[in-house]
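Heads up, the thing below is written out as structure tokens.
Please treat every number below as a calculation from the coordinates, not as lab data. What you see is a predicted model; the values in this text were computed from it and never measured. Because the Cβ atoms are built from the backbone with ideal geometry, glycine has one as well, and the counts that use them run over all protein chains shown.
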Amino acid sequence: MNPILLPSNRPAERFYRGGARISAFRGEEVSAPREPEDWIGSTTTVNGEPELGLTTLPDGRVLRDAVEHDPIAWLGDAHVARWGADTRLLVKLLDAGQRLPVHAHPHNDFAATHLGRAHGKAEAWYILQGGTVHVGLRGDVDASVLADLVTRQDVTALLGLLHEIEVAAGDVVWVPPGELHAIGAGILLLELQQPEDLSILLEWHDFAIDGAALGHLGLGFDLALAAVNRRGRSDAEISTLVSTAPASGSVLPAAADGYFRLDRLPVDGATVIEEGFSVVVVIEGQVEVEGTPRSAGSTLLVPHAAGTLEVQGHGELLVARPPRP
């Protein structure tokens, strides 16, 4: 098995605007106004959809079916022994054509108990083009106060609850399950997340979604907001969530290790991508992977059976992986 070059996989008509930065990064034609996400190596569907969001391989199979048919070749013995054919990973390119709403994602226990899902949704972002992010509460918030702001759709007050942080290319943001957050307009990022599409929306003005009906995942806001972390974060704690990535090696905090891994791999001459299921994104320069030229914007799906890969050239790669079994 060899690395697989993946084209864009952009679900259409998402509820927020964006997509042009993904097109420019990938060297593709300009996208439609609401194609802000490229789902890379996806075995996950858009919430409520039977197939939308799934990655299709060059042979016409969807990745989900291919992995289920031969999980050891795709994921390796140790991974399959622990988790079966579950890839434990979804990777996206995300272009915030507008500021995203204040929202959060449930943790594993909440998702299993109330939604019957195998995962919650932790996520992390590697910033490719910077801007402003809003992450974590500045102080503790009472449940009744938060519920009232959502009911009244007081967007200014909701956003004002959060830390506002400027980020630049090469910064990393870790978003634990339950953490309130919003991505600012103009940001392009690579996102790693658990393989679910579950969002609890606290605001929906100016977004193409009926948040009052859909923002609570069918649970009602009284229950859905129970999944939100209402504890304030100190500046010191925020520094553990938002940081500048090291020049090479692992870039995520240890708290993310149980969910996914991300390595920054500079290439100046020759190096290797270690064996294992991964999504590889060329973010800079021109490289050869196993002798095949790959330019910035290329995304590769790497099965475990591909083994260790030789890389030559000058550039930089991001290598996203599931948690270590």
Least to most buried among Leu202, Leu190, Leu57, by other C-beta atoms within 10 Å and fewest first, runs Leu57, Leu190, Leu202
Expected unfolding gain across Glu288-Thr132 under the 0.36 nm per residue rule, minus the alpha-carbon gap, is 52.7 nm
FRET efficiency (Arg324, His69; Cβ distance; R0 22 Å; to 0.05) is 0.35
Tilt, helix 143-152 to longest principal axis of the chain (alpha-carbon atoms), in degrees rounded to tens, equals 90 degrees
Neighbour-count ranking for Glu123, Glu274 (other C-beta within 10 angstrom, fewest to most) reads Glu274, Glu123
Summing +1 per Lys or Arg and -1 per Asp or Glu among the other residues with Cβ less than 13 Å from Glu68's Cβ gives -1
Sorted largest first, the C-alpha extents of the stretch 1-154 along its principal axes in whole angstrom are 53, 41, 27
Along the dipole axis of the stretch 1-54 (charges at Cβ: +1 for Lys and Arg, -1 for Asp and Glu; origin at the Cα centre), the most positive-end residue among Ile22, Pro7, Val46 is Ile22
The size of the Cβ-based charge dipole (Lys, Arg +1; Asp, Glu -1) of the stretch 254-321 about the Cα centre, to the nearest 20 debye, is 200 debye
Per-residue Cβ contact counts at 10 Å, fewest first, order Ile200, Ile209 as Ile209, Ile200
With R₀ set to 22 angstrom, the calculated FRET efficiency between the beta-carbons of Asn2 and Glu28, to the nearest 0.05, is 0.45
Whole-percent tail of the Cα-Cα distance distribution for the stretch 254-321, cut at 15 Å, equals 48 percent
The size of the Cβ-based charge dipole (Lys, Arg +1; Asp, Glu -1) of the chain about the Cα centre, to the nearest 20 debye, is 240 debye
